[in-house]
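A short write-up of the structure that comes next.
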Amino acid sequence: MRPIIVISALVVLIAGWFVLNPRQNKATPITLTFHAQMGDEPLIYDQFIYDNPGGQGQFRIRDFRFYLSNLSFGHGDETYAEPESYHLLRFDNADSAHSITLPAVPLPSIETVRFLIGVDPAANSSIEVRGDLDPNSQMAWNWEVGYKFVVFEGALQVGGDVSPLVYHVGFSENAREVEFSVPAVVLADGKQEVHLTVDLAKLFDNAAQIDMQALPSVKFNRTDAEVLANNYANMIAPSF
Amino acid sequence: MRWVVLILAAAGIAVAGWMVWDRMRGLTATPIADFSAPFVFGRFAVPPDNPLTQEAFTLGRHLFYDPILSGNNEVSCATCHVQELAFTDGLAKSPTLSGGELDFSSMSLANLLWGQERFFWNGRATSLEEQALMPIQHPDEMGQDIDALMEELQASGSYRKMFRQAYGAVTPENTAKALATFMRLLISSNSKYDQYLRGEVRLTAQEEHGRKLFMAHPDTKVSLRGGNCIDCHSQFLTSGFRDALDGFSNNGLDPDETLPDGLMAVTGNPVHKGFFKVPTLRNIAVTAPYMHDGRFDTLEDVMDHYNDGIVVSDTLSPLILEADNAPEAGQETVGLRMTPDEIQAIIAFLHTLTDEAFLTNPQFSNPFEGGS
């Protein structure tokens with residue numbers, strides 16, 4: 001009698017494991033694709049076609065890139081945080097776009113997305129290579145200062161004069177959290193991609209309007225850096 | 001008679017066995033898994049089809065120093081890449097076979113596993129394997145027909161053996177792989193700066209001042225003085241950046257009218273006109289003259305260029321154009337406008353990048369001169 005009971009108990013246990021296991025078949029693949037824009041149009045590099053928002057002249061873009069870190073996803077009360085989540089987003093490609101793909105987020109579906117523009121304080125003061133963080137890269141100021149979070153380089157043309165534009169925004173206090181909900185319909189029917197826009201215009205024309213002639217560079221002045229951080233805080237938005 | 005046959009048979013079996021064993025050994029070259037490289041150098045990638053092995057390094061070292069690689073059997077890689085000069089040649093531009101000079105200065109070969117993954121001043125090679133065969137076949141550099149070289153190597157018993165042990169057959173591809181392996185293992189990591197990073201030594205006050213200036217982009221708004229070196233030369237490697245084409249820059253040597261193509265010759269993109277590979281500054285004190293065309297004889301000349309000799313062109317790095325230590329904008333010159341003491345401090349720091357152990361490492365020396 002006893003062996004039969006034991007075997008039955010085992011069978012029930014194993015069947016129960018498969019029937020009730022909450023993690024079974026619940027991984028969700030997802031791709032976040034960021035499209036760099038100026039206002040509503042795709043970003044164009046290296047041409048003096050954009051107006052100085054707060055003053056005279058036109059500007060061109062040579063380089064625009066930023067760190068996105070601490071990416072996490074929510075479903076009800078559950079959250080999943082991507083490990084080693086440090087992405088350098090750059091847009092110098094044919095589509096002016098950058099994709100982040102997670103093949104299996106261990107959640108039944110994705111209701112919310114959250115990340116930082118910038119780098120968390122612990123990683124910002126470390127020289128460890130993690131994700132796209134690299135202390136020997138262009139994004140590192142040096143190991144005593146940390147990383148640039150958002151980089152814009154270009155030039156301003158006023159009349160016949162061309163002058164450099166250098167906006168390097170870092171410092172841990174300037175990381176900005178972005179959070180948004182994903183309506184169920186976006187990822188219904190096997191769809192796996194969420195599109196977002198990165199509106200570079202907001203960096204210079206948002207809470208504060210920047211005259212690039214008066215403020216052609218931002219580097220280590222913390223007041224100036226905070227002004228730009230408050231501007232880029234909402235430069236990323238989902239486009240459903 | 002029977003005994004003689006038996007002994008001969010036994011000897012034949014032994015020889016055959018040894019040959020089989022030797023060939024088997026050739027198929028399992030000894031991996032180099034434990035070479036030392038500082039943690040701060042960061043990630044590196046070795047091509048999966050050319051793992052670092054002792055046998056490949058040995059073969060590559062012999063090829064590097066052997067004039068058999070050139071058409072006239074007089075020029076080796078080492079002719080223009082001399083170990084005690086951190087594998088440069090001390091000339092502004094390297095000589096051509098016909099007695100003229102090449103377009104570019106011989107590049108230092110150190111820490112090629114890290115930093116920018118394109119090679120040559122204009123980035124025309126995307127791997128060391130691709131790079132390795134180009135000077136050999138260039139009519140002005142080594143002027144060698146690659147098939148003729150294979151015949152010469154094939155005729156040499158010792159090369160046949162080294163190839164077999166490292167890779168198998170004597171082929172152009174395996175020649176490139178061996179040279180690439182040798183170059184990858186030219187690692188310089190025992191300069192005073194490395195020792196400082198490991199906490200073993202202290203820098204002098206002047207060197208430390210120079211280090212701080214090296215690592216800072218100047219910002220007069222917060223009274224931060226800087227030499228701006230780090231905007232192109234990464235803090236630990238001191239080379240150009242790895243990511244995409246970040247390791248190339250226009251550093252203000254020529255006006256638009258005479259600006260050479262540089263990286264544009266490779267990418268076809270006009271925004272890359274005048275961009276050249278940012279070199280490592282490891283051992284920079286022994287690699288004069290400087291720049292892609294060797295136009296500056298001394299580090300003082302180089303610092304003078306960055307201090308007040310920047311020539312403006314359309315593709316000039318905005319980071320160079322914008323970097324200025326003087327609060328009042330623009331006089332006649334463009335540059336960092338540092339004090340003589342600051343310039344001397346940066347030069348003192350640059351001297352801490354000299355790695356005597358690298359410059360004299362017997363493993364990197366000419367194997368035909370009784371090196372180990």
Hey, can you grab everything whose amide H is under 5 Å from the amide H of B:Ser94? Only 5+ residues off in sequence or another chain; H modelled, so Pro and N-termini drop out. B:Leu102, B:Phe104, B:Ser106
With the cut-off at 1.5 for a/c, could you classify the protein assembly as shown from its C-alpha gyration tensor as rounded, prolate or oblate? oblate
Within a Cβ distance under 15 Å of B:Gly199, other residues only, what is the Lys/Arg minus Asp/Glu net charge? +1
So, relative contact order of chain B in percent, Cα under 8 Å, 6 or more apart, is 20 percent
Cross-link candidates for A:Lys26: which lysines have Cα within less than 22 Å, leaving aside residues fewer than 8 places away along the same chain? A:Lys191
Using Cα-Cα distances under 8 Å and only pairs 6 or more residues apart, what relative contact order does the stretch B:31-187 have, in percent? 30 percent
To the nearest 0.05, the calculated FRET efficiency linking B:Arg202 and B:Gln54 through their beta-carbon distance, R0 being 35 Å, is 0.40
I'd like the Karplus ³J(HN,Hα) series for the stretch B:281-294: coefficients 6.51, -1.76, 1.60, θ = phi - 60°, whole numbers in Hz, and an x wherever there's a Gly or Pro. 9, 4, 6, 4, 5, 10, 10, 4, x, 10, 6, 4, 10, x
Per-residue mean of other chain beta-carbon atoms within 10 angstrom of the beta-carbon, peptide A:56-65? 1
Mind listing the long-range amide H neighbours of A:Asn52? Cut-off is under 5 Å, sequence gap 5 or more, other chains count too, H placed in the peptide plane at 1.01 Å from N. A:Gly57, A:Gln58, A:Phe59
Using modelled backbone amide H atoms (1.01 Å from N, in-plane), which distant-in-sequence or interchain residues come within less than 5 Å of A:Phe91's amide H? A:Phe64
The ³J(HN,Hα) series, computed from each phi in the stretch B:298-307 with the Karplus coefficients 6.51, -1.76 and 1.60 at θ = phi - 60°, rounded to the nearest Hz and given as x for glycine or proline, is 9, 5, 4, 4, 4, 5, 4, 4, 6, 7
Radius 10 Å from Cβ of B:Met134, net charge of other residues (Lys, Arg +1; Asp, Glu -1): -1
Near B:Lys161, which lysines are there with a Cα under 24 Å away, not counting those fewer than 8 places off in the same chain? B:Lys177
Shielding by other protein chains, A:218-227, mean Cβ within 10 Å: 3
In terms of the Cα gyration tensor, with a ≥ b ≥ c the square roots of its eigenvalues, is the stretch B:31-187 rounded because a/c is under 1.5, prolate because a/b exceeds b/c, or oblate? oblate
Descending packing, highest mean Cβ count within 10 Å first, for B:297-308, B:223-234 is B:223-234, B:297-308
Residue-normalised 222 nm signal for the protein assembly as shown, counting each DSSP H run of n ≥ 4 as -39,500 (n - 2.57), nearest 500 deg cm²/dmol, is -8000 deg cm²/dmol
Lysines with Cα under 27 Å of A:Lys148, excluding same-chain neighbours fewer than 8 positions away: A:Lys202, A:Lys219, B:Lys212, B:Lys221, B:Lys273, B:Lys277
Per-residue average of other protein chain Cβ atoms inside 10 Å, peptide B:215-222 -> 6
Taking a point 7 angstrom from the Cα of A:Gln157 along the C-beta vector, which residues in the stretch B:248-264 have backbone N less than 17 Å away? B:256-257
Quick one: compute the contact order of the stretch A:26-238, relative version, from alpha carbon pairs under 8 angstrom and 6+ residues apart, as a percent. 27 percent
With the cut-off at 1.5 for a/c, could you classify the stretch A:101-184 from its C-alpha gyration tensor as rounded, prolate or oblate? oblate
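Read the figures in this text as sums done on the coordinates, not as results from a lab. Not measured: the values here are computed from a predicted model. Using ideal geometry, Cβ is built from the backbone for each residue, glycine included, and neighbour counts are taken over all protein chains shown.
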